[in-house]
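The values are calculated or read from the model by the stated rules, or taken from the named source; none is laboratory data. Every value quoted in this text rests on a predicted model; they were computed, and no experiment measured them. Don't worry about glycine lacking a Cβ; one is built from the backbone with ideal geometry, like all the others, and counts go over all protein chains shown.
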Amino acid sequence: MSATIAFVALHVRPSAQAVPLASATVAASLPQQKKSRVVLVDLFLHQSVEEMVDAVMQPRPTIVAFSLYVWNHQPMLDLARALKARDPHMTLIAGGPEVTALSQQFESLNVFDTLVCGEGEGVLGDIITAIEQDNPLQAVYRNTSSMDLTQQQSPWLSGLLVPGEGVLWEVSRGCPFKCSFCFDARGDHGVRTIPYARLERELSLFAAHNVAQVWVLDSTFNYPLERGKELLRLIQRMAPHIHFHLEAKVEFIDEELAELLSQIQCSVQIGLQSANPEVVRHVHRHFDSEQFQHNIGLLHAAGVTYGIDLMYGLPGDDEQGLRNSLEFVLHLQPNHIDLFPLAVLPGTELYQQQQHYGLHAETAPPYRLISSDSMSQQAMTHCRALAVWTDLFYNTGRAMGFFLDICQALDVGAVEKIEAFGDWLSTTQSLSLEDLENGVWSSDQVLQWQKDFYLAWLEKLGHENLCAAIDDLICFHAGWSQAQLEEDVPLPERSVTVFSDQQAWRWSGTVSLQRFHYDINDWLLVGGDLIEQAEYGDPVGSVALFFRSDCEAQCVTIDGIDAQRFPCTERLPSVDHLIELGAVIEEEVYRHWLKQAVDFGLVIADGLEGR
């Protein structure tokens, strides 16, 4: 009997990362006769079980294969039970990290007809053949051998997956390290790499499909160091305009790697976990403060976008330990900081050591730590709050550019300021921790919170004299950050000649305006020194445009105007009208500036939709 084989992937949410790579990779390993009958079914956590069942049943499969992870464990079980109720004759196969770690538990549930532990490529073809020949199935198929990646079929090149806006890209398997909280290595502490000839063809395919982002599935792309450099050279040669997300180990960063990273569009995530050497030693990691700071400095100097991960609840760590680690990280000025709780994952070494360290964790996914010998449940709650406040203030609020300047001006600790912000949200905005976690907050909303918080906090600390300077600093970095995210302002195809006094204008679509208390040019000359600006700066005001040109953010002030009277609106009144408003104080200077702005495409005639 030959019939449709459905591979089901359940994603967290619709996004560019919602790509069924694992399912498609296993399906690509099947013989052509079986592969031609494969259907990939994408599901999402927001869907009801009924909606999921309908989606799976739509192609009328007789065999359904599931990939189970921490985030979809329970919904997949609910789906499998509902499918069996709808069609008892359907054969259900389950694999993935959760099944590999908990095979006995899944077997006892009697939900699936058979289970696959380990890599699915080596056994799934035999399982499907057995099903179609009505041969009895084993309860569990354990694949103890590792896939030879030189012989593996690419799901991208085979056509099972078609590149879209985002791509998940497997370049290797395995991990050379032995972190006891991690399931990546799965007992195999080596790295198997995909041949570069295949990677080259895949990159060419991604470029041809105008892929915007690629998430590189390699837990340490830069180990060994030369392998990482070779990969970056390949990317630079084949796909320099695609943005790549990479995970790196800081010990294997040198000047050459940082320079290579700076030549491609990328962001790099660094897993620190804790800045306490004794804490990371418990989980088979190493931390050298001087080396970490030096190598992060190489990324910083090269202009590479990077983020740092911290984990709270590791054996031997406590609340003050997280505060110390966060203080260390904030002073490194990463572009992004991720704080998350320890998850005691089944199948890991730490899972076996729970009693030794007094770890009390959730028994069901996501297996988060509740408390330990060194971290009380109350301390875990405060760490969770720190994680939420940091994500809002630093990440969503894009605070990297001004965070440390304000800390230094006020002589306060970085974590102390984060905690003060959290307290302010609770007392003045009546927002609980649950409200903040469950809400969807825009950068504009957080920007307003930051400004309101500083106004109240500075008054409390007796530093009202810094209010205007801090407001300017925040607004400058908000405008600059937004400009970096925009498309380049298109240059006009021809120069727009003299305009009449009655001509009205409007700003080009990606240009934004910002009003400042001080002359922003003077502000930039003093390097954003808050104390110097507050004491010696002349509060004459200024208005600046933020935009992107030649793939770089730009800030340009408007010359010849009274900043307080100049309208910061989408449409720009005629020159005569601005003079009547008193907004123009040096007519010829402003006219010259406006003509230049028109020539560079920053301003277009009102009513024109194109160039």
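Being more than 21 Å from residue 364 (Cα to Cα), more than 31 Å from the chain's Cα centre (by Cα) and among the acidic types (Asp, Glu): is that true of residue 87 here?
So residue 87 fits the description; yes.
Considering only the stretch 307-337, state which residues are in contact with a Pro (Cβ under 7 Å, 6 or more places away or on another chain) and surrounded by fewer than 23 Cβ atoms within 10 Å (Cβ to Cβ).
If the condition is that a residue be in contact with a Pro (Cβ under 7 Å, 6 or more places away or on another chain) and surrounded by fewer than 23 Cβ atoms within 10 Å (Cβ to Cβ), then 307 is the only one that fits.
Which condition from (1) under 27 Å from residue 515 (Cβ atoms); (2) within 23 Å of the chain's Cα centre (by Cα) is the one that residue 384 breaks?
Every listed condition holds for residue 384 apart from (1).
Looking at the stretch 374-386, can you tell me whether even one residue there is surrounded by fewer than 17 Cβ atoms within 10 Å (Cβ to Cβ), assigned to a helix (DSSP H, G or I) and in contact with a helix residue (DSSP H, G or I) (Cβ under 6 Å, 6 or more places away or on another chain)?
Among the residues of the stretch 374-386, not one is surrounded by fewer than 17 Cβ atoms within 10 Å (Cβ to Cβ), assigned to a helix (DSSP H, G or I) and in contact with a helix residue (DSSP H, G or I) (Cβ under 6 Å, 6 or more places away or on another chain), which makes the answer no.
May I ask you to list the residues in the stretch 353-373 that are part of a loop (DSSP other than H, G, I, E, B), out of contact with any Gly (no Cβ under 7 Å at 6 or more places or on another chain) and not hydrophobic (A, V, I, L, M, F, W, C)?
353, 358, 362, 363, 365, 366, 367
Starting from residues that are farther than 13 Å from residue 269 by Cα and in a strand (DSSP E or B), keep the ones in the stretch 301-341 and report whichever is farthest from the chain's Cα centre (by Cα).
Among residues in the stretch 301-341 that are farther than 13 Å from residue 269 by Cα and in a strand (DSSP E or B), the one farthest from the chain's Cα centre (by Cα) is 312.
From the list 539, 567, which one is over 35 Å from the mean Cα position of the chain (by Cα) and either closer than 19 Å to residue 471 by Cβ or assigned to a helix (DSSP H, G or I) (or both)?
539
Please indicate, with yes or no, whether at least one residue in the stretch 212-222 is without any contact (Cβ under 8 Å) to a residue 60 or more places away in the chain, in contact with a Lys or Arg (Cβ under 6 Å, 6 or more places away or on another chain) and surrounded by 14 or more Cβ atoms within 10 Å (Cβ to Cβ).
yes
Residue check: is residue 346 surrounded by fewer than 17 Cβ atoms within 10 Å (Cβ to Cβ) and within 26 Å of the chain's Cα centre (by Cα)?
no
Tell me the residue from 17, 32 that is surrounded by fewer than 17 Cβ atoms within 10 Å (Cβ to Cβ) and free of Cβ contacts under 8 Å to residues at least 24 places away in the same chain, please.
Within the list 17, 32, the selection yields 32.
Each row is one residue, and each column tells you yes or no for (1) farther than 18 Å from residue 340 by Cβ; (2) crowded, with 16+ Cβ neighbours inside 10 Å; (3) over 24 Å from the mean Cα position of the chain (by Cα); (4) among the hydroxyl-bearing types (Ser, Thr, Tyr).
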{"site": "395", "(1), (2), (3), (4)": "no, yes, no, no"}
{"site": "410", "(1), (2), (3), (4)": "yes, yes, yes, no"}
{"site": "423", "(1), (2), (3), (4)": "yes, no, yes, no"}
{"site": "460", "(1), (2), (3), (4)": "yes, no, yes, no"}
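Could you list, in sequence order, all residues of the stretch 136-161 that are of a type in the set (A, V, I, L, M) and over 30 Å from residue 104 (Cβ atoms)?
Hits for the stretch 136-161 are 157, 160, 161.
Within the stretch 124-172, track down each residue that is among the aliphatic types (A, V, I, L, M), out of contact with any His (no Cβ under 9 Å at 6 or more places or on another chain) and more than 18 Å from residue 64 (Cβ to Cβ).
Matches in the stretch 124-172: 147, 149, 157, 161, 168, 171.
If a residue counts only when it is of a type outside the set (Phe, Trp, Tyr) and either in the same structural domain as residue 199 (by TED's automatic domain parsing) or within 23 Å of residue 42 (Cβ to Cβ) (or both), which helices (runs of 4 or more DSSP H) contained entirely in the stretch 67-162 have at least 1 such residues?
The helices (runs of 4 or more DSSP H) meeting that bar are 73-86, 97-101, 124-132.
Return the residue satisfying two criteria in turn: it lies in the stretch 148-178 and is of a type in the set (D, E, K, R) and surrounded by fewer than 17 Cβ atoms within 10 Å (Cβ to Cβ), and of such residues it is nearest to residue 207 (Cα to Cα).
Result: 165.
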